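Engineer: Would you mind keeping the following structure in view while I ask a few things?
None of the figures in this text is laboratory data; all of them are computed from the coordinates on show. Since this is a predicted model, take the numbers as computed values, not measurements. Note: ideal-geometry Cβ built from the backbone for every residue, glycine included; neighbour counts use all protein chains shown.
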Amino acid sequence: MQLSARQREQFTCKNVGDLFPEYYVLRVDEFDAKAVTPLDEWISFLKTGKIPDNFHAKGLAEGREQQSRITG
């Protein structure tokens, strides 16, 4: 991805990363449902909306607390 000529004129940036945020596309439909790494745990959560008790990836504990507050 590159800046257009107009963007280069309008902004004082040379690299597209200086102008636009960085995005990651996670293809959760290809996830095999075996959470081995912390990223796998997050993908499982994004796909199912559930956080099992045995998941310990950073940030999931807070998500679990939010879910319990919402569902009661």
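Engineer: Checking the cross-link filter: which aspartates and glutamates have an alpha carbon closer than 18 Å to that of LYS58, excluding same-chain neighbours under 8 positions apart?
Structural biologist: Within the straight-line cut-off, LYS58 pairs with ASP40, GLU41.
Engineer: Taking the radius of gyration and the Kirkwood hydrodynamic radius from Cα positions alone, what is the Rg/Rh ratio for the stretch 5-71, to two decimal places?
Structural biologist: Working: Rg = 18.1 Å, Rh = 14.7 Å.
When Rh is taken as the Kirkwood radius, the ratio is 1.23.
Engineer: Give the relative contact order (percent, whole number) for the chain; include only Cα pairs under 8 Å separated by 6+ residues.
Structural biologist: Working: 36 pairs, mean separation 13.2, N = 72.
In percent, rounded to a whole number, it is 18.
Engineer: Further, regarding this structure: May I ask you to derive the FRET efficiency for ARG69 and VAL36 from their Cβ-Cβ distance with R0 = 35 Å, giving the value to the nearest 0.05? Before the final figure, lay out the partial values.
Structural biologist: On the way: r = 29 Å, r/R0 = 0.82.
Once the sixth-power term is evaluated, E becomes 0.75.
Engineer: Work from the charge dipole of the stretch 5-71 (Cβ charges, +1 for Lys and Arg, -1 for Asp and Glu, about the Cα centre) and give the residue of VAL16, THR71, ILE43 farthest towards its positive end.
Structural biologist: With unit charges placed on the Cβ atoms, the residue in question is VAL16.
Engineer: Can you pull out the chymotrypsin sites (Phe, Trp or Tyr not before Pro) in the chain that DSSP calls coil and that have at most 11 other Cβ atoms within 10 Å?
Structural biologist: On the way: sites: PHE11, TYR23, TYR24, PHE31, TRP42, PHE45, PHE55; in loops: PHE11, TYR23, TYR24, PHE31, PHE55.
Qualifying residues, ordered by number: PHE11, TYR23, TYR24.
Engineer: Within the stretch 1-58, report the trypsin sites (Lys or Arg not before Pro) that DSSP leaves as loop and that have at most 12 other Cβ atoms within 10 Å.
Structural biologist: In loop regions of the stretch 1-58 (DSSP not H, G, I, E or B), the sparsely surrounded trypsin sites (Lys or Arg not before Pro) are LYS14, ARG27, LYS34, LYS50, LYS58.
Engineer: Still on this structure, I have one more. Magnitude of the Cβ-charge dipole of the chain, K/R +1 and D/E -1, about the Cα centre, nearest 20 debye? Please report the intermediate quantities before stating the final value.
Structural biologist: Working: 10 positive and 11 negative charges, 39 e Å.
For the chain, the charge dipole is close to 180 debye.
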